[in-house]
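Asks: Quick one: the structure is below, questions incoming.
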Amino acid sequence: MLTLEKLIEFIAEQLDKDAAEINADTTLESLGIDSLGTVELVMNLEDVIGMEIELDEKLLTVGEFCAFVQKKQQAQA
């Protein structure tokens, strides 16, 4: 199961940012991630976690992104 910490590390690595500057309340917009960037992030994350994720919700924060992915993982379990 994806944890918030692992997602933050993944996002930081993808964006070349310091993970310490990212938390659950950090907005994707503040990280420079627009809707297309969100799709790209999800596609890259799919490769890491080994499952397809249908992006069917608008995600505003890192915490929402994490909860969304966890929900998808539970649905496939």
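Asks: What does the extension gain come out to for residue 75 and residue 17, with contour length at 0.36 nm per residue minus their alpha carbon separation?
Replies: 17.8 nm
Asks: Once you have a ≥ b ≥ c as the square roots of the Cα gyration tensor eigenvalues for region 1-68, tell me rounded if a/c is under 1.5, and otherwise prolate or oblate according to whether a/b is larger than b/c. Don't skip to the end; give the middle numbers.
Replies: Numbers: a/c = 1.40, a/b = 1.20, b/c = 1.17.
Rounded.
Asks: So what is the relative contact order for region 1-72, in percent, with contacts set as C-alpha pairs under 8 Å and at least six apart?
Replies: 43 percent
Asks: Which is the longest part of the chain that has none of the GluC sites (Glu not before Pro) sitting in a DSSP loop with at most 10 other Cβ atoms within 10 Å? Display every interim value, and only then the final one.
Replies: Numbers: sites that count: 52, 54.
Longest gap between qualifying sites, sites excluded: 1-51.
Asks: Anyone know which of 20, 12, 67 comes out most mobile in the 10 Å Cα GNM of the chain?
Replies: 20
Asks: Decide, for region 38-77, between rounded, prolate and oblate: order the square roots of the alpha carbon gyration tensor eigenvalues as a ≥ b ≥ c, take rounded if a/c falls under 1.5, and otherwise choose prolate if a/b is larger than b/c, else oblate.
Replies: Working: a/c = 1.73, a/b = 1.15, b/c = 1.50.
Here region 38-77 falls in the oblate category.
Where a number appears in this text, it was derived from the coordinates with a stated rule and is not lab data. The shown structure was predicted, so the numbers you read here are calculated from the model rather than taken from an experiment. Because the Cβ atoms are built from the backbone with ideal geometry, glycine has one as well, and the counts that use them run over all protein chains shown.
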